[in-house]
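Below you'll find the structure, written out as structure tokens, and then a few comments.
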Amino acid sequence: MIRALRLLLLPVGAMLLIGAGAPDLDALIARYEAFTERFPMEAGRSDPSHAPAGWPDETPAGMAARKAELLAIDKALAALPDAALASEDKVNRDFLRQIIGWRVQGIDLDERRFAFVAHEGFYNTPYYTARGVEVRSDADGHAWIARLRGVPAYFEQQRANLERGIATGWTQPARVVDVAVAVLRAQVARPVAEDPLLAPLKGRTALVAEASIVLEREIRPAQRAMLAYIDGRYRAHARKGLGIATIRGGSDYYSFLLRYYTTTDLTAEQVHALGLSEVKRIRGEMDKVIAEAGFTGSFAEWLRYLRTDPRFYAKSREELIEKYSAAAKRIDGVLPRWFGTLPRQPFTVEPVPLDLEEGYTTARSGGGDFSRGFPGRFIVNTSHLDQRPLYEVPSLTLHEAAPGHHTHAAIAQEHPEWPSFRRQRDLLAFREGWALYSERLGHEMGVYRDPYEKFGALSNEMWRACRMVVDTGIHVMGWSYAQARACFTENTALADINIDTELARYIGAPGGAVAYKVGELKILELRHRAEAALGDKFDIRAFHDLILGQGQLPMTMLEAVVDSWIAGRK
């Protein structure tokens with residue numbers, strides 16, 4: 001892949017010419033790399049926060065142009081003879097063709113009609129972008145201000161997408177609209193001087209003054225107009241049913257999302273049954289932990305105790321951050337016994353920004369860039385402290401930080417020889433499956449110190465199992481909100497605010513929630529297969545290094561990699 005690295009260093013135009021001539025795999029990968037630099041994508045949708053400049057064209061014409069380029073690359077990939085490719089090159093070729101197939105399907109289904117999915121949406125894109133902007137000169141500052149001037153036009157583009165959704169019945173239900181409205185209201189209410197969009201210009205007085213005028217005269221009016229539109233005309237056309245199957249073509253769309261997110265051919269009915277099986281298994285594990293704690297009441301009384309006893313909750317935002325930081329360092333102390341390769345990039349623990357915390361998930365991993373001096377970020381929601389139990393801290397740290405998302409993403413950064421589609425984070429079954437496996441690994445690693453932390457881990461695992469049941473229940477089986485909520489209230493220790501936040505997320509973004517468990521169970525299955533086949537020759541550190549050493553792969557391809565590794569070890 002050395003030649004691929006040289007190709008990646010060429011200008012975009014040169015890479016496209018190479019791809020258009022007599023393309024081999026390296027040239028076609030380079031052509032796709034060039035395409036994704038112009039049109040960054042995440043989870044099958046545009047990710048404008050990583051665009052190099054401006055805001056991507058997400059009009060129907062712009063999406064048609066993307067599709068044409070993707071199909072051209074795919075046609076050339078299909079023409080490559082297998083005999084000319086090494087085994088790793090075949091993996092890359094087949095994986096890239098699968099990605100392109102997903103991208104094209106998403107364009108054909110006109111996904112941009114859903115321009116927001118609860119707390120995630122186009123209205124947050126400028127703020128996500130601002131956090132990654134580094135202004136080192138006045139020229140950089142003026143470039144950022146020029147980009148800010150493009151926000152109103154970008155909003156209008158998204159309004160047109162939403163209008164197309166209204167015209168075709170592809171709208172979000174009122175519960176998801178409520179979250180979007182709350183986010184926009186918070187953005188509009190913030191004093192301009194405190195707006196995070198000014199953060200990249202900190203310390204440059206003249207540039208801050210210029211950007212403040214842009215915010216006051218151009219961006220705030222665009223935000224207010226969008227707030228009025230979503231809370232008015234769009235809300236009036238919100239779909240009546242919670243599930244995606246209630247809209248025209250919704251069932252086919254959900255089937256596509258399941259294939260994309262799980263990277264398997266599992267049907268909604270199979271996923272639902274698997275989720276019910278996991279709920280039953282985890283509930284049995286919970287009963288054992290409750291007995292270990294010496295609690296003699298009912299399960300409902302146990303949950304009430306966990307949700308109401310002050311000992312389980314931080315008394316300040318700072319204390320909650322400190323608890324997560326302490327858990328992260330404690331986990332660091334045991335990682336070398338379970339992993340042969342760990343990343344150089346550290347991570348920091350920081351709170352969710354105040355303007356985003358309402359309706360934001362409990363914790364999340366934020367990418368960094370070690371080459372530019374940015375650490376990874378473990379982002380923790382410090383609002384509503386009475387609903388952020390401390391017994392969940394270890395499992396969430398394992399999932400979002402190390403050895404979960406941060407470790408996976410940081411190791412991928414250290415492999416520039418991999419194609420970008422192996423280094424990205426958009427395959428949920430692989431990425432979230434690994435992170436959920438990391439939570440389970442915490443039991444073996446001795447991270448959970450008492451029955452309460454063990455239960456917190458099981459509660460979070462039950463949360464993901466309920467996701468499988470609830471997501472398919474809502475979107476395919478016609479479940480009500482109360483039915484969906486009951487799975488969480490009856491089986492997990494999740495606080496009310498977390499349950500409602502998560503349900504809005506599942507309703508607004510169908511399919512993704514089921515990938516966590518599907519991926520985790522496949523990784524666990526592959527580990528058990530390797531242990532059974534290798535016996536005393538099985539090395540847990542080597543197995544974990546193997547999984548993380550793939551970047552990301554669909555589950556079918558990961559299975560083939562592990563089978564080959566087992567054969568080699570034998």
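The values are calculated or read from the model by the stated rules, or taken from the named source; none is laboratory data. What you are looking at is a predicted structure, and each value in this text was computed from that prediction instead of being measured. Ideal geometry is used to build each Cβ from the backbone, glycine not excepted, and the neighbour counts take in all protein chains shown. Only protein heavy atoms, including side chains, enter the accessible area calculation; ligands, DNA and RNA are left aside. Shrake-Rupley method; radii C 1.70, N 1.55, O 1.52, S 1.80 Å.
The figures follow:
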{"quantity": "The stretch 239-328: C-alpha gyration tensor shape, a/c 1.5 cut-off, then a/b vs b/c", "calculated": "prolate"}
{"quantity": "Rounded if a/c under 1.5, otherwise prolate or oblate - the stretch 323-387, Cα gyration tensor axes", "calculated": "oblate"}
{"quantity": "Mean-position separation - Cα centroids, the stretch 491-570 and the stretch 198-276, in angstrom", "calculated": "27"}
{"quantity": "Inter-probe distance in nm under a simple model that places probes 7 Å from Cα toward Cβ, at Lys570 and Leu524", "calculated": "2.5"}
{"quantity": "The chain - percent of accessible surface contributed by carbon and sulfur, probe 1.4 Å", "calculated": "55"}
{"quantity": "The chain - percent relative contact order, Cα under 8 Å, separation 6 or more", "calculated": "16"}
{"quantity": "Largest-first ordering by accessible area, 1.4 Å probe, given options Val192, Val470", "calculated": "Val192, Val470"}
{"quantity": "Accessible area in the full protein assembly, largest first, 1.4 Å probe, for Asp138, Asp536", "calculated": "Asp536, Asp138"}
{"quantity": "DSSP-defined antiparallel bridges as percent of all bridges, the stretch 349-450, nearest 5", "calculated": "60"}
{"quantity": "Percent antiparallel among DSSP beta bridges (both partners in the stretch 268-398, rounded to 5)", "calculated": "55"}
{"quantity": "Inter-probe distance in nm under a simple model that places probes 7 Å from Cα toward Cβ, at Asp231 and Glu417", "calculated": "5.6"}
{"quantity": "The stretch 436-542: relative contact order as a whole-number percent, Cα under 8 Å and 6+ apart", "calculated": "31"}
{"quantity": "Label-point separation, Glu194 to Arg317 (7 Å along Cα→Cβ), nm", "calculated": "1.0"}
{"quantity": "Cross-link pairs beyond the 32 Å C-alpha cut-off, checked among Lys75/Lys537; Lys90/Lys329; Lys454/Lys537; Lys323/Lys570; Lys90/Lys280", "calculated": "Lys75/Lys537; Lys90/Lys329; Lys323/Lys570; Lys90/Lys280"}
{"quantity": "The chain - share of DSSP beta bridges that are antiparallel (%, nearest 5)", "calculated": "60"}
{"quantity": "Sites Arg307 and Lys202, calculated FRET efficiency, Cβ-Cβ separation with R0 51 Å, nearest 0.05", "calculated": "0.80"}
{"quantity": "GluC sites (Glu not before Pro) lying in DSSP loop within the stretch 130-235, provided at most 11 other Cβ fall within 10 Å", "calculated": "Glu134"}
{"quantity": "Surface accessible to a 1.4 Å probe, Met477 within the full protein complex, Å²", "calculated": "80"}
{"quantity": "Rounded, prolate or oblate (a/c below 1.5 giving rounded, otherwise prolate when a/b exceeds b/c) for the stretch 389-523 by Cα gyration tensor", "calculated": "oblate"}
{"quantity": "Eligible aspartates and glutamates near Lys522 by straight Cα distance, threshold 16 Å, same-chain separation 8 or greater", "calculated": "Asp265, Glu278, Glu432, Glu439, Glu461, Glu531, Glu559, Asp563"}
{"quantity": "Fraction of the pair-distance distribution of the stretch 141-273 above 22 Å, Cα-Cα pairs, percent", "calculated": "53"}
{"quantity": "Heavy-atom accessible area per residue - the chain, 1.4 Å, Å²", "calculated": "39"}
{"quantity": "Sites Glu156 and Ala78, calculated FRET efficiency, Cβ-Cβ separation with R0 35 Å, nearest 0.05", "calculated": "0.35"}
{"quantity": "Stretch gain in nm, segment Arg364-Thr267, where the contour uses 0.36 nm per residue and the Cα spacing is subtracted", "calculated": "32.1 nm"}
{"quantity": "Whole-angstrom gap from the stretch 129-161 to the stretch 301-344, using each part's C-alpha centre", "calculated": "37"}
